[in-house]
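Below is one structure; the comments refer to it alone.
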Amino acid sequence: MASTPTPSVEEIKNMILQLPIEELMRLMVAIEEKLETVAIMQLAETGFQEWNDPEEDIYNDEA
């Protein structure tokens, strides 16, 4: 079974620019929501960095 080649960014951009305005607006909203989710997840990751402190391992029961 042959795989479908992945379109380049330029090809995707050309396809997007052919969409009607209403579809472009819906696509923009979907992209913005995705970017907001990724940004929030990246911020949340920084809040858990303190859990990676090796000194905190003294509280584990495995010692």
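Descriptive notes on the structure:
Here's the yes/no breakdown for (1) modelled with pLDDT of 95 or more; (2) assigned to a loop (DSSP other than H, G, I, E, B); (3) not small (G, A, S):
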site: A2; (1), (2), (3): no, yes, no
site: T6; (1), (2), (3): no, yes, yes
site: E23; (1), (2), (3): yes, no, yes
site: E32; (1), (2), (3): yes, no, yes
site: M41; (1), (2), (3): no, no, yes
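- Scan the range 16-42 for residues that are within 12 Å of the chain's Cα centre (by Cα) and open to solvent by 90 Å² or more (accessible area, probe 1.4 Å) and the total you get is 8.
The values are calculated or read from the model by the stated rules, or taken from the named source; none is laboratory data. Small disclaimer: the values here were computed from a predicted structure and weren't measured. The accessibility values were calculated without ligands, DNA or RNA, using every heavy atom of the protein model including side chains. Shrake-Rupley method; radii C 1.70, N 1.55, O 1.52, S 1.80 Å.
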